[in-house]
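Take a look at the structure below.
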Amino acid sequence: MKFYIATDHAGYALKAYVKEYVQSKGHEIVDLGPDSADRVDYPDYAKKCANAVVSDEGSFGILICGTGIGISIAANKVTGIRAALCHDAYTAEMTRAHNNANILAFGERIVGKGVIESMIDAFCDTPFEGGRHAGRVNKIDSCSMGANLG
Ligand code: RB5
């Protein structure tokens, strides 16, 4: 699998570790910054990663901020992105199986390295189930293309 990764300053300390873990599993990972722990705005890095994922068919993203909340909210504004804020292996597994998530987001202040590894494993090892979930995912995508659900 090919991943793009980006963080803000509050997720920066984990970035090198996550990159190394993803590579150790045989995946490719492209670092979109930042290059230091200097204060940055998480929407800028969410947008970099989200744009890269939608421009490179079949690729995935990893986004890290303090909580994972702001960076996932921002990424989900980009059409075609389904960024999932996960807290454990179960949420990472289910968001691939049911939501066809293309970005895994989490918070550096929330989860430890063991949980992160289990989330990455679950995210990578779980295919989208399709079937009844496909229509629902299409409805999610139509929201970001300007359609209302109701
Ligand atoms: C930065 O202090 C923090 O607000 C950010 O990393 C993130 O947690 C926002 O949702």
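Numbers for the structure displayed
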| read-out | value |
| --- | --- |
| Residues satisfying the stated conditions in region 7-18, i.e. surrounded by 15 or more Cβ atoms within 10 Å (Cβ to Cβ) and within 12 Å of the ligand (Cβ to nearest atom) | T7, D8, H9, A10, G11, Y12, L14 |
| Neighbours by Cβ (under 9 Å, 6+ apart or cross-chain): first from region 14-38, farther than 17 Å from G66 by Cα; second aromatic (F, W, Y) and in a helix (DSSP H, G or I) | L32/Y45 |
| Near pairs, Cβ below 7 angstrom, 6+ apart or cross-chain, from region 41-52 (more than 14 Å from A10 (Cα to Cα)) to any residue that is within 14 Å of the ligand (Cβ to nearest atom) | K47/A74; K48/A6; C49/A6; C49/L63; C49/A75; A50/A75 |
| Complete set of residues in region 49-62 that are under 19 Å from F128 (Cβ atoms) and open to solvent by 20 Å² or more (accessible area, probe 1.4 Å) | V54, D56, E57, G58, F60 |
| Test result for V111, within 16 Å of the ligand (Cβ to nearest atom) and in contact with an Asp or Glu (Cβ under 6 Å, 6 or more places away or on another chain) | no |
| Single residue of Y21, Y4 found to be surrounded by 20 or more Cβ atoms within 10 Å (Cβ to Cβ), hydroxyl-bearing (S, T, Y) and away from the ligand (no atom under 12 Å from the Cβ) | Y4 |
| Residue check for A83: under 17 Å from F128 (Cα atoms) and either surrounded by 20 or more Cβ atoms within 10 Å (Cβ to Cβ) or free of Cβ contacts under 8 Å to residues at least 12 places away in the same chain (or both) | yes |
| Neighbours by Cβ (under 8 Å, 6+ apart or cross-chain): first from region 88-105, closer than 12 Å to I120 by Cβ; second open to solvent by 40 Å² or more (accessible area, probe 1.4 Å) and part of a loop (DSSP other than H, G, I, E, B) | R96/P127; R96/F128 |
| Any hit, region 63-78, residues being more than 15 Å from the ligand (Cβ to nearest atom), open to solvent by less than 50 Å² (accessible area, probe 1.4 Å) and out of contact with any Gly (no Cβ under 8 Å at 6 or more places or on another chain) | yes |
| Flag if A46 is within 12 Å of the ligand (Cβ to nearest atom) and either within 24 Å of F128 (Cβ to Cβ) or modelled with pLDDT under 95 (or both) | yes |
| Sole residue being under 22 Å from H27 (Cα atoms) and part of a loop (DSSP other than H, G, I, E, B), chosen from F128, F106 | F128 |
| Selected residue (criterion: nearest to A6 (Cα to Cα)) from residues of region 96-150 that are open to solvent by 60 Å² or more (accessible area, probe 1.4 Å) and among the aliphatic types (A, V, I, L, M) | I110 |
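The values are calculated or read from the model by the stated rules, or taken from the named source; none is laboratory data. Everything numeric here is computed off the predicted structure, so don't read it as measured data. Cβ coordinates were reconstructed from backbone atoms using ideal geometry, including for glycine residues, and neighbour counts include every protein chain displayed. Just so you know, the surface numbers come from the protein's heavy atoms only, side chains and all, with ligands and any DNA or RNA stripped out. Shrake-Rupley method; radii C 1.70, N 1.55, O 1.52, S 1.80 Å.
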